[in-house]
Structure formats: structure tokens, C-alpha cells
Amino acid sequence: MFDEAILLSLAAILGIQMGGGAYEALVIYPLWRQDPQPETLVSKIKASGQYNAGRRFWPFVSPIVFILGVVNLIVAWRRTGDAQTLWVVASALVILESLFTYGYFAPVMVFRFYRAEKIPAKALKKSVRTWTTLSGLRVPIALAAWAMLVMVIGRNYCGF
């Protein structure tokens with residue numbers, strides 16, 4: 001019962017995180033990534049809604065996904081059966097994506113983009129381009145992990 005709850009929790013919360021990430025990549029990033037200037041980037045980020053998401057959504061969703069990823073990895077590692085490999089790989093992908101988020105994406109947003117006036121325009125443009133491109137790649141990674149989790153649920157608990 002515990003294993004099922006942990007697996008279903010990760011699939012559900014990861015789905016929410018993936019939806020938020022897709023929305024940002026498709027709708028929010030275009031509002032502030034075009035022609036980023038040191039004098040206007042922070043106001044563009046705030047006007048786009050990115051700033052509020054970074055304070056009201058991501059600090060609550062991301063740590064839960066990370067913790068559930070670690071717990072799922074431990075649970076999956078101890079399991080046997082067809083779906084164990086999928087479960088381990090999905091959990092590992094979630095953990096790796098979280099570590100990249102905490103190690104690169106969050107610090108760059110907070111320490112570079114929120115302080116853009118201190119960065120030369122050319123360096124800022126390159127940084128924004130790199131960040132938004134790489135950030136958009138997190139959605140397919142999350143989708144792959146989520147799809148694997150759904151397959152594990154199907155195989156272990158629905159008889160597929």
C-alpha cells in the first residue's frame with residue numbers, strides 16, 4: 001500500500017510540475033526572453049508572471065517532486081519484477097532533473113536574471129538564450145519519467 005501511494009503521488013505531482021514547466025516554456029518565456037536588456041529584464045520577468053511563479057509555485061512543487069523521486073528510487077530499488085527497471089529509471093530522471101534545477105536553473109534566475117542590471121548586455125543575452133533553451137528541455141525529460149511511471153502503474157497495479 002505504501003509503495004502504491006508513493007508511486008501515485010510522484011506521478012501526480014510530476015504531472016503538475018510538467019504542466020507548469022510546459023506552460024512556462026511555451027507561454028511565459030517568450031514574454032521576457034526576447035531582446036533581454038540589463039535595464040528591463042527584471043521588469044519583463046515580473047510582468048510575464050515568471051517572478052511570481054518562482055516565489056509561489058516552484059518552491060512548493062519542486063522540493064516535493066525531488067523528495068518523492070528519492071523515496072521512489074529507494075522503494076523501486078527494493079522491488080522485483082518487470083517494472084522495476086522503469087521505476088528506477090523514472091525516479092533517477094526525476095532526481096537528476098531536480099538536481100539540475102537546483103544546481104543551475106534556480107541559481108541563474110536568482111543571482112543573474114534578478115540582478116540583470118549588473119551584467120553586460122551581450123553576456124545577458126547569451127545567458128538568457130542558454131537558460132531558456134535548456135529549461136525547455138526539462139519538459140521532455142519530465143514527460144519521459146512520467147510516461148515510465150504510468151507504465152509502472154499499469155504493469156504493477158492494473159495488469160497491463
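The values are calculated or read from the model by the stated rules, or taken from the named source; none is laboratory data. As the structure is a prediction and not an experimental result, all values here were calculated from the model. With ideal geometry, Cβ positions are generated from the backbone for all residues, glycine too; neighbour counts draw on all protein chains shown.
Structure notes:
One line per residue, one yes/no per condition, for (1) at pLDDT 95 or above; (2) hydrophobic (A, V, I, L, M, F, W, C); (3) touching an Asp or Glu at 6+ places or on another chain (Cβ under 6 Å); (4) within 22 Å of residue 133 (Cβ to Cβ):
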{"residue": "43", "(1), (2), (3), (4)": "yes, no, no, no"}
{"residue": "53", "(1), (2), (3), (4)": "no, yes, no, yes"}
{"residue": "64", "(1), (2), (3), (4)": "yes, yes, no, no"}
{"residue": "91", "(1), (2), (3), (4)": "yes, no, no, no"}
{"residue": "98", "(1), (2), (3), (4)": "yes, no, no, yes"}
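Here is a yes/no grid of residues against (1) surrounded by 13 or more Cβ atoms within 10 Å (Cβ to Cβ); (2) aromatic (Phe, Trp, Tyr):
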| site | (1), (2) |
| --- | --- |
| 122 | no, no |
| 138 | yes, no |
| 141 | yes, no |
| 146 | yes, yes |
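- Tabulated pairs, region 24-43, first more than 17 Å from residue 118 (Cβ to Cβ), second among the basic types (Lys, Arg), C-beta under 6 angstrom, 6+ apart or interchain: 32/44
- Every residue from region 1-40 that is outside any helix (DSSP H, G or I) and buried (at least 17 other Cβ atoms within 10 Å of the Cβ): 36
- Within region 41-74, the set of residues being of a type in the set (D, E, K, R) and surrounded by 13 or more Cβ atoms within 10 Å (Cβ to Cβ) comprises 44, 46.
- Only residues that are among the hydrophobic types (A, V, I, L, M, F, W, C) and under 15 Å from the mean Cα position of the chain (by Cα) were counted across region 32-67, and they come to 9.
- The listed residue being over 30 Å from residue 36 (Cα atoms), loosely packed, with under 12 Cβ neighbours inside 10 Å and modelled with pLDDT under 95, out of 154, 159: 159
- Flag if residue 117 is of a type in the set (Asp, Glu), closer than 30 Å to residue 34 by Cα and in contact with a Pro (Cβ under 7 Å, 6 or more places away or on another chain): yes
- For residue 83: the one exception among (1) under 12 Å from the mean Cα position of the chain (by Cα); (2) surrounded by 18 or more Cβ atoms within 10 Å (Cβ to Cβ): (1)
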